[in-house]
1. State all residues of the stretch 265-281 that are hydrophobic (A, V, I, L, M, F, W, C), within 16 Å of the ligand (Cβ to nearest atom) and out of contact with any strand residue (DSSP E or B) (no Cβ under 7 Å at 6 or more places or on another chain); if no residue qualifies, say none.
2. Could you please give the count of residues in the stretch 387-402 that are of a type in the set (Asp, Glu) and open to solvent by 30 Å² or more (accessible area, probe 1.4 Å)?
3. In the stretch 176-198, which residues are within 18 Å of VAL144 (Cα to Cα), open to solvent by less than 10 Å² (accessible area, probe 1.4 Å) and assigned to a loop (DSSP other than H, G, I, E, B)?
4. What residue, of ASP220, ASP259, is outside the structural domain of ALA162 (by TED's automatic domain parsing) and not hydrophobic (A, V, I, L, M, F, W, C)?
5. Can you pull out the residues in the stretch 246-264 that are of a type in the set (D, E, K, R), part of a loop (DSSP other than H, G, I, E, B) and away from the ligand (no atom under 16 Å from the Cβ)?
6. If a residue has to be over 23 Å from LYS252 (Cα atoms) and open to solvent by less than 20 Å² (accessible area, probe 1.4 Å) to count, how many in the stretch 445-460 make the cut?
7. Could you check, for the stretch 161-174, whether at least one of its residues is outside any strand (DSSP E or B), open to solvent by 10 Å² or more (accessible area, probe 1.4 Å) and at pLDDT 95 or above?
8. Go through the stretch 199-232 residue by residue and tally those that are within 19 Å of ARG50 (Cα to Cα), among the β-branched types (Val, Ile, Thr) and part of a helix (DSSP H, G or I).
Amino acid sequence: MTTSHYIAGRWVEGQGSDCISVNDPALGQPFAELMAASVAQVDQAVAAARNALPTWKQVSANERAAYLRGFAEQLGQRREALISLQMRNNGKPRHEAEIDLDDAIATFAYYADLAEQLPERNREVALAAPGFTARTRLEPVGVVGLIVPWNFPLVTSAWKLAPALAAGCTVVLKPSEVTPLIEQTYGQIADTLGLPAGVLNIVNGKAETGAALSSHSGLDKLSFTGSNSVGSQVMRSASAQCRPVTLELGGKSAIVVFDDCDVDQAVEWIVAGITWNAGQMCSATSRLLVHDGIADALLPRLQQALETLRVGNPLTEEVDMGPLTSQAQWLKVASYFATAREEGLQCLAGGKALDRDGWFVSPTLYTDVPVDSRLWNEEIFGPVLCARRFSTEAQAITEANDSRFGLVATVCSADLERAERVADALEVGHVWINSVQAVFVETSWGGTKGSGIGRELGPWGLSGYLSVKHVTRCLG
Ligand code: NAD
């Protein structure tokens, strides 16, 4: 049993009723367990954050920035342990676990800089009307609940924690029950740095704990990353309290490949867009739209690339792709293989679970998938790619946009004017041209349509935790 809840600056045992098993997905076996937080412990965490708020919001921006730099540095000092834990608990290949860690470090460093610049954003407003002055004050939103999923635990939490602390908010973080140990690091770092008690609180648990937090009357805001079904419940709780919510939800994103692309390069981008993190990415480019002129050359090469990918246990083998992170996810992906068979889809690669211990599936490619197929429309969250051919740019744009989601897209073309034009026409929050899944802390993250509300990263990420106040004074 692990002591796993960080409340008011102290590590405490869970008093909830759920026992959480922490699994190694490559073996399909647990390696740790912990008791979930009780509803009363969620109350204590929110109360601790509330108590800490008045002092934390008065801490100077430079001091907050110093804490954030401390987080970046301390993450670096725990490098090997964090890489191993992500490999073991998420099933991430080593190079992916390294990139996640570097992303989290860069996020804390970036928001340290933005925290220092905050006072400059509190400035006089030029008024056209005479006789008055006005000034802006950017204030922390207050006590914020942060609920995150399991697919990028270090990163997703860093994207919320760093801007929230930079803004002067105090927080209660609820990691996913699938990966509850990884974010404990943030509590350990808070301890090491002497972050004032209650500024960062961490409660672990399943849906019950999440719901206790998201519906808590003591929050000023909730920021949620996860599925659309839970996101809508979280939004309902927020609406009952009339308070703001940021939602980072699912996706069904397109990669559009025009016929002027180098075939090998395009195959590399397509494979990375669907097999990174075993396809368990909100931003997976799981819809391939391939131009008629290149399809016959590209699809067999893509089939070969997927079939020769090294899939295995990242802790014991040199791999390109690990297992799915949870048994639930493995069963979900397997159910889509069954649906594909029922729908009579043409399977060019994979389409099955691997016959070995652990939660492995083969990288999968279905071709000529009808637009009304469930696999074309639903987020699968696994290495399952659906392809369709297109003949005109307009058709590609229409089919890419024909989705309830709008998170990301990739456009591959040697004609940059065309690529930029298509990027402008796509109804999503982020488009990559001739690259794949390149996320920079300075650019925004978030989606249109059913992919969510609000933006993370960049100055937009910080704004999500700031409240704008104006003080207007009559000179007369
Ligand atoms: P999930 O919605 O099942 O769980 C997310 C979090 O919500 C977990 O911590 C979970 O314990 C908690 N939760 C569960 N029920 C709850 C409830 N009733 N009230 C409050 N909290 C509750 O999602 P998941 O399976 O962990 O993650 C996969 C999903 O996350 C996918 O849909 C994926 O697209 C999405 N995601 C989106 C982004 C993005 O940036 N848009 C990033 C990563 C993942």
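The values are calculated or read from the model by the stated rules, or taken from the named source; none is laboratory data. As the structure is a prediction and not an experimental result, all values here were calculated from the model. We place every Cβ from the backbone using ideal geometry, glycine too, and count neighbours over all the protein chains shown. Side chains are part of the model used for accessible areas, which takes the heavy atoms of the whole protein and leaves out ligands, DNA and RNA. Shrake-Rupley method; radii C 1.70, N 1.55, O 1.52, S 1.80 Å.
1. The answer is TRP276, MET281.
2. 2
3. Of everything in the stretch 176-198, those that are within 18 Å of VAL144 (Cα to Cα), open to solvent by less than 10 Å² (accessible area, probe 1.4 Å) and assigned to a loop (DSSP other than H, G, I, E, B) turn out to be SER176, GLU183, GLY198.
4. Result: ASP259 is the single residue among ASP220, ASP259 that is outside the structural domain of ALA162 (by TED's automatic domain parsing) and not hydrophobic (A, V, I, L, M, F, W, C).
5. ASP259, ASP260, ASP262
6. Within the stretch 445-460, residues that are over 23 Å from LYS252 (Cα atoms) and open to solvent by less than 20 Å² (accessible area, probe 1.4 Å) number 1.
7. There is no residue in the stretch 161-174 that is outside any strand (DSSP E or B), open to solvent by 10 Å² or more (accessible area, probe 1.4 Å) and at pLDDT 95 or above.
8. Residues flagged as within 19 Å of ARG50 (Cα to Cα), among the β-branched types (Val, Ile, Thr) and part of a helix (DSSP H, G or I) within the stretch 199-232 amount to 1.
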